[in-house]
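The next block holds one structure in the form of structure tokens; read it before the comments.
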Amino acid sequence: MDKFFINGGNCLKGEIKIDCAKNSLLPILAGCILVNGQVLLKNVPKYKDVCAMCDILLNLGGFVKWQGDDLLVDCSQIDKSEISNELASVVRSSIFTLGPILSRLGCAKVAYPGGCDIGLRPIDIHLNGLKELGCKIVEKNGYIYGQKLKRNKSEIMLKFPSVGATENLLMFASLFEGRTVIYNAAKEPEIVDLACFLNKCGAKIDGAGSDIILVEGVKNLHGCEHQAIPDRIEAGTFLIAGAVCNGDIYLKNAIYEHNSALIDKLEVCGCKVLKEKKGIRIIAPSVLESFGDIETAVYPGFPTDLQPQMATLGCVCNGCSLIFENVFESRFNYVGQLLKMGADIKFKSSICIIRGKRKLYGADVWATDLRGGAALVLAGLFSEGYTTVDNIGLIDRGYFKLEEKLVALGGDIKRI
Ligand code: UD1
């Protein structure tokens with residue numbers, strides 16, 4: 001397994017381009033299962049999770065081919081409806097295939113999904129939604145067996161606006177005859193992007209981005225060309241990196257509105273964050289004030305995927321910062337690693353108290369999960385001395401060429 005070797009202390013300055021969003025591409029790749037025709041996805045970074053989803057599509061009988069930075073997918077010929085434990089356990093988004101496989105082929109056998117260890121991550125909302133719409137679902141020996149039957153309900157109410165469940169259900173409904181209304185749907189920009197992609201393929205989805213989504217089932221979806229939206233979590237990570245490393249950086253493609261909750265907090269710290277024509281610029285002062293507190297929430301609230309990086313920021317600010325994690329129950333696994341670097345953090349269940357000391361020291365640390373790993377990289381960039389971040393396969397799941405982008409900004413980091 002590769003590691004990052006970081007020599008901390010450099011300021012970050014310059015420009016980088018934000019890639020297409022991992023969390024858009026994963027459901028879109030699952031959505032390709034519904035499509036009878038060629039889909040050309042433009043500018044797809046080779047995130048590890050994207051490659052894992054490609055393996056799943058290939059295994060179902062789909063065709064997947066990289067054409068430079070673009071990805072050509074054709075699932076016209078898919079004939080298998082089973083996803084093994086070996087494939088499903090690699091990536092959380094394997095569960096997104098359940099709705100599309102059921103809708104397209106009428107039956108499915110999908111193993112439980114893997115993914116980062118940040119909580120229990122049940123899938124009851126996905127399964128209950130499919131049952132309510134008209135599927136028979138049986139869970140047995142680590143597999144979910146599904147069968148598409150006649151429509152039961154037309155209107156379903158999610159008990160929580162789960163991103164994945166909303167995506168699964170709107171994909172299922174796209175090829176399910178009749179009208180489906182999803183109440184209390186998730187409103188994340190990636191849901192809007194998925195709906196936009198499916199509508200380009202001929203689906204009839206209305207209301208994505210609001211909490212009520214209407215889907216009129218169609219008989220067939222055709223191919224299209226699509227470019228996923230810029231990754232707001234990658235953009236957010238670099239904005240925080242800019243703040244932590246006394247930066248002046250320009251993030252080309254980043255969408256200001258998608259990161260409003262973060263930008264508000266960075267401004268509290270004393271950073272200037274500018275909305276520019278085609279991106280976002282951050283200019284950070286050498287001494288940061290505390291961001292006060294953050295509470296993670298569904299969009300447009302503060303994203304849980306930027307919570308660990310904020311803990312690093314809290315360590316390098318003046319004063320005390322508080323983090324309330326409301327989305328995933330064990331998302332503070334990375335804290336022990338920050339403590340090794342000299343951080344002063346206390347946490348209990350979902351609350352984390354950070355006393356900013358404006359000092360961290362290089363250490364050998366271990367990425368506990370994707371975003372927690374990113375938090376350690378930021379800490380390493382700030383720290384006095386050398387840091388190695390081990391287990392970076394987890395970071396590669398959702399950042400593409402992270403070290404190259406940081407080097408372009410002046411960071412001293414290499415993969416060893
Ligand atoms: C997606 C994102 C992930 C992000 C998360 C929250 C992708 C590939 N991943 O994950 O990066 O951190 O949204 O913004 O898009 N829940 C249930 N039952 C369910 C489903 C979810 O109880 O059936 C709970 C989860 O345990 C969690 C909360 O709902 O506490 C949010 O989960 P959800 O929105 O589903 O997140 P994911 O789709 O897994």
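The values are calculated or read from the model by the stated rules, or taken from the named source; none is laboratory data. Since the structure is predicted, the reported quantities are computational estimates derived from the model, not experimental observations. All Cβ positions, glycine included, derive from the backbone under ideal geometry; neighbour counts span all protein chains shown. Calculation scope for accessible area: heavy atoms of the full protein, side chains included, ligands and nucleic acids excluded. Shrake-Rupley method; radii C 1.70, N 1.55, O 1.52, S 1.80 Å.
Numerical summary
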{"read-out": "Cα-only radius of gyration and Dmax that characterise the stretch 130-208, units Å", "value": "12.9, 38"}
{"read-out": "Binned Cα-Cα distances of the stretch 151-299, short to long, each 10 Å bin given as a whole percent", "value": "11, 33, 25, 19, 10, 2, 0"}
{"read-out": "Efficiency of FRET between MET1 and ASP248 - r from beta-carbon atoms, R0 41 angstrom, step 0.05", "value": "0.75"}
{"read-out": "The stretch 368-416, Rg to Rh (Cα coordinates; Rh as Kirkwood inverse mean 1/r)", "value": "0.92"}
{"read-out": "Separation of the PHE324 and SER349 label points, Cα + 7 Å toward Cβ, nm", "value": "1.3"}
{"read-out": "√(5λ) per eigenvalue of the Cα gyration tensor, the stretch 22-226, largest first, Å", "value": "22, 19, 17"}
{"read-out": "Inter-label distance for ALA297 and GLU384, nm, one decimal - labels placed 7 Å from Cα along Cα-to-Cβ", "value": "3.9"}
{"read-out": "Rounded to the nearest 20 debye, dipole of the stretch 22-226 from Cβ charges on Lys, Arg, Asp, Glu", "value": "500"}
{"read-out": "For the stretch 7-12, Karplus couplings with θ = phi - 60° (6.51, -1.76, 1.60), whole Hz, Gly/Pro x", "value": "9, x, x, 7, 6, 9"}
{"read-out": "Inter-label distance, nm, simple model (7 Å from Cα along the C-beta direction), TYR183/ASP69", "value": "4.4"}
{"read-out": "Lys, Arg +1 and Asp, Glu -1 on Cβ, resulting dipole of the stretch 162-287 about Cα centre, debye, nearest 20", "value": "280"}
{"read-out": "Hz values of 3J(HN,Hα) by residue in the stretch 334-342 - Karplus curve (6.51, -1.76, 1.60), Gly and Pro given as x", "value": "6, 4, x, 6, 5, 4, 4, 8, x"}
{"read-out": "Sequence ranges 22-33, 77-88, 132-143, ranked by mean other-Cβ count within 10 angstrom, highest first", "value": "22-33, 77-88, 132-143"}
{"read-out": "Gained length - ASP117 relative to ASN59, 0.36 nm times residue gap less alpha-carbon distance", "value": "18.3 nm"}
{"read-out": "Whole-Hz couplings from phi, Karplus 6.51/-1.76/1.60, listed for the stretch 134-140; x for Gly and Pro", "value": "x, 10, 8, 10, 10, 9, 8"}
{"read-out": "Dimensionless Rg/Rh of the chain - Kirkwood Rh, Rg from C-alpha atoms", "value": "0.98"}
{"read-out": "Rounded if a/c under 1.5, otherwise prolate or oblate - the stretch 152-196, Cα gyration tensor axes", "value": "oblate"}
{"read-out": "Full-stretch length increase - LEU339, ASP412 - with 0.36 nm per residue and alpha-carbon distance subtracted", "value": "24.1 nm"}
{"read-out": "Accessible area per residue, Å², the chain with all protein chains present, probe 1.4 Å", "value": "38"}
{"read-out": "Amide H partners (placed H, <5 Å) of CYS320, local residues excluded", "value": "GLY356"}
